[in-house]
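Here's the structure, in structure tokens; my notes come after.
The values are calculated or read from the model by the stated rules, or taken from the named source; none is laboratory data. The structure displayed is predicted, hence computed values, not measured ones. Here Cβ is always computed from backbone atoms with ideal geometry, including for glycine, and neighbour counts include all displayed protein chains. Side chains included, ligands, DNA and RNA excluded: accessible areas come from the protein's heavy atoms. Shrake-Rupley method; radii C 1.70, N 1.55, O 1.52, S 1.80 Å.
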Amino acid sequence: MIKNIKYKPAIFFIFLNMLTIGFCESIKGVFVSQFKEVFQISDSSIGLMFSLSIFGYIISTYAGGILCSKFGQKKILVFSTIIIGISYLITSISPTFTILLISVFITNVGTGLQGISVNSVSPILFVTYSTILINLTHFFYGLGVSISQKFSGNMILKGFTFRDIFLINSGLMLLSLVFILFTKFPKVEPVNLKLNIIKTLKNKLVLLFIFAQGLYVFSEVGFLNWFVNFAQTSYNFTIDKATHYSAVFFLVFTLGRLTGGFVVHRLGIKKSMLIYLSMSLILFLSGYLLKSNFVILISLSGFFFSIIFPTTITIIGQAFKENTSYIMGLILSFVSVINMLMNSLMGILSTSLSPYIAFSLIPIALSLSLFFYTNIFKKIEIL
């Protein structure tokens with residue numbers, strides 16, 4: 001399959017880049033307890049940190065769609081890799097929580113630019129076997145996340161702090177920058193955008209994608225950000241035990257991404273999406289309601305989370321043939337708005353009520369996401 005595809009070094013870079021970003025970005029949730037201890041802050045402040053980071057992602061994702069259309073994906077990838085590396089370096093030396101907030105904001109400006117660059121160049125690179133290869137691309141992100149959970153848990157037990165780990169992350173970004181500078185990407189001709197934000201948001205299909213994907217993304221990111229804290233406070237799990245269950249989630253999530261493209265290719269997009277979303281909801285809700293003895297069900301639900309985001313990227317590419325980068329950037333920006341608001345609400349509920357009650361937002365969001373995806377499939381003709 002691969003030998004019939006052009007730009008193999010660029011594809012290899014995309015896979016490697018997603019692995020690195022997944023590894024680096026998912027570590028924040030594991031260090032929540034350290035952040036609280038070092039900077040003497042509450043869960044509400046942690047919620048603010050996650051919300052501010054998402055706000056940076058919102059700005060850059062919207063701008064990224066425009067910038068990719070004007071300058072091409074490679075230039076944006078170079079720029080974003082540089083600012084991510086700098087932000088990790090700032091995180092490693094941050095003396096106050098305010099500086100940490102600034103560095104996290106900068107990090108997500110960079111990851112937002114990288115995200116839209118990768119997602120918008122993927123349909124160009126993956127003309128053939130697009131569903132399989134886009135899911136495989138996000139498999140590498142999931143692999144990075146899965147590795148990071150157990151790795152960071154072990155490093156904490158060995159006495160490493162978040163400062164040590166983020167310094168390592170900045171070095172990984174430097175290596176990534178060197179690789180991309182010598183990688184050839186498809187040439188993208190500058191385009192004049194035919195749409196504006198108001199006109200685009202009047203499209204009901206765009207709104208459905210925003211709510212469907214926004215609620216799903218919150219479910220995935222909410223688990224990543226809050227599960228370790230939830231397990232420690234609600235079930236008195238040790239950091240090692242909590243990160244074990246988190247690692248299992250992302251291990252099966254990664255396996256789902258590895259196999260998901262082939263499943264979608266065989267069953268079709270509509271059937272696969274509805275089956276996977278339904279199963280993720282059933283397993284997650286069951287594990288949540290049955291509490292600590294069945295928390296493994298929450299971990300196993302990760303397998304069915306796997307295909308939703310990358311397959312949605314494929315659907316958007318098929319549903320909007322013109323101005324794809326712009327529309328995708330706009331959708332992902334508002335997806336991040338929903339993610340930001342829901343993460344902020346989770347922090348507030350965790351402080352004012354309890355982490356256990358706050359965690360119920362995830363199965364609620366999954367059920368609403370399933371509702372919106374069902375309505376999308378009623379409006380578009382897709383297999």
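Each of P9, T20, F160 was scored by the projection of its Cα onto the charge dipole of the chain, and the greatest displacement toward the positive side belongs to P9; charges sit on the C-beta of Lys, Arg, Asp and Glu.
Normalised Debye scattering of the range 189-282 at q = 0.11, 0.13, 0.18 Å⁻¹ gives log10 I(q)/I(0) of -0.54, -0.70, -0.99, counting only Cα atoms as equal scatterers and leaving out solvent. What does the C-alpha gyration tensor say about the overall shape of the range 39-87? Classify as rounded when a/c is under 1.5, otherwise prolate if a/b is larger than b/c, or oblate. Oblate, since a/c reaches 1.5 and b/c is not below a/b. Over the chain, what percent of the accessible surface lies on carbon and sulfur atoms, probe 1.4 Å? Whole-percent figure for carbon plus sulfur exposure: 69. Can you bin the range 258-311 into rounded, prolate or oblate? Criterion: square roots of the alpha carbon gyration tensor eigenvalues sorted a ≥ b ≥ c, rounded for a/c under 1.5, prolate for a/b above b/c, oblate for the rest. In terms of gyration-tensor shape, prolate.
Note on the chain: helix-only mean residue ellipticity at 222 nm, from DSSP H runs of 4+ residues weighted -39500 (n - 2.57) and normalised by residue number, equals -28000 deg cm²/dmol. Residues of the chain were split at every exposed loop site, defined as trypsin sites (Lys or Arg not before Pro) in a DSSP loop with at most 13 other C-beta atoms within 10 angstrom, and the longest piece left, sites excluded, is 7-157. Sites counted here are GluC sites (Glu not before Pro) in a DSSP loop (not H, G, I, E or B) having no more than 10 other Cβ atoms within 10 Å; the longest part of the chain that contains none of them is 1-321. Take the alpha carbon gyration tensor of the range 1-123, find the square roots of its eigenvalues, order them as a ≥ b ≥ c, and report rounded if a/c is under 1.5; if not, report prolate when a/b exceeds b/c, else oblate. Prolate, because a/c is 1.5 or more and a/b exceeds b/c. Averaging 1/r over every pair of different alpha carbons in the range 263-354 and inverting the result gives a Kirkwood radius of 15.5 Å. Of the residues F250, F140, ranked by 1.4 Å probe accessible area with the largest first, the sequence reads F140, F250. Taking 7 Å steps out from each Cα toward its Cβ at K378 and T238 produces label points 5.1 nm apart. Across Q232, Q73, Q114, mean-square fluctuation computed from a Gaussian network of the chain (C-alpha pairs under 10 Å connected) peaks at Q232.
For the options S60, S117, S69, a Gaussian network treatment of the chain with springs between C-alpha atoms closer than 10 Å singles out S69 as fluctuating the most.
Pair-distance distribution P(r) for the chain, from all Cα-Cα distances in 20 Å bins starting at 0: 30, 62, 8 percent. For the range 300-315, 3J(HN,Hα) computed residue by residue from phi via the Karplus equation (6.51, -1.76, 1.60; θ = phi - 60°) reads 5, 4, x, 4, 8, 6, 4, 8, 4, 5, x, 5, 5, 4, 4, 4 Hz, glycine and proline entered as x. Considering all C-alpha pairs of the range 224-383, those separated by over 19 Å amount to 60%.
Counting Lys and Arg as +1 and Asp and Glu as -1 over every other residue whose Cβ lies under 15 Å from the Cβ of Q114, the net charge comes to +1. Using heavy atoms of the protein chains and a probe of 1.4 Å, the accessible area assigned to T20 is about 20 Å². Ligands, DNA and RNA are left out, and with a 1.4 angstrom probe the accessible area of the chain is 41 Å² per residue. GNM on the chain, alpha-carbon springs under 10 angstrom: the most fluctuating residue among L181, L143, L366 is L181. I348 contributes an accessible area of around 90 Å² to the protein surface, as traced by a 1.4 Å probe with all chains present. For the chain, the Cβ-based charge dipole about the Cα centre amounts to some 1060 debye (Lys, Arg positive; Asp, Glu negative; other atoms uncharged). Stretching the chain fully between F12 and L201 yields a gain of 64.6 nm (0.36 nm per residue, less the alpha carbon separation).
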